Amino acid sequence: MQKIETQKNEQPENTDVLDAYRVILFNDDNHTFDEVITQLVKAIHCCRHDAEKHAWQVHTRGRSIVYTGSMQLCLKVSAILEEIALKTEIQTT
């Protein structure tokens, strides 16, 4: 019997194109819900309702994944959130 070898899937060279990164927003005691909600709407272009969900999750769990995308877009989102000194982190998924 002949043994058949399977090839491993190769990773694309430019993984930055994939949604391989995420922006985490952390809780702090310096901002109001309205400030966080307004900045989320500005940063991730979501509706107020979705921003409220993220703000509540940040408040109750200490953090929320607010955006997933390319590194370039995550850097933009993070920079907008940090305009008012919100605490963020970009992680790989």
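Evaluate the distance, in nm, between pseudo-label points positioned 7 Å from the Cα of ALA79 and of HIS59 along their respective Cα→Cβ axes.
3.0 nm
Counting each pair of different Cα atoms once, what's the Kirkwood radius of the stretch 31-93 in Å, rounded to one decimal? List each step's numbers first, then the result.
Numbers: mean 1/r = 0.0857 Å⁻¹.
Hydrodynamic radius (Kirkwood, Cα only) of the stretch 31-93 equals 11.7 Å.
Along the Cα→Cβ direction, 7 angstrom out, place labels at ASP19 and ASP34. What is the inter-label distance in nm?
Going from the ASP19 label point to the ASP34 one covers 3.3 nm.
Counting alpha carbon pairs within less than 8 Å and at least 6 residues apart, what relative contact order, in whole percent, applies to the stretch 31-92?
Taking the mean separation of contacting Cα pairs over the length of the stretch 31-92, I get 31 percent.
No value in this document is a laboratory result; all are computed from the given coordinates. Bear in mind that the values here come from a model prediction, so they are computed numbers and not experimental data. Heads up, the Cβs are rebuilt from the backbone with ideal geometry, glycines too, and the neighbour counts pull from every protein chain shown.
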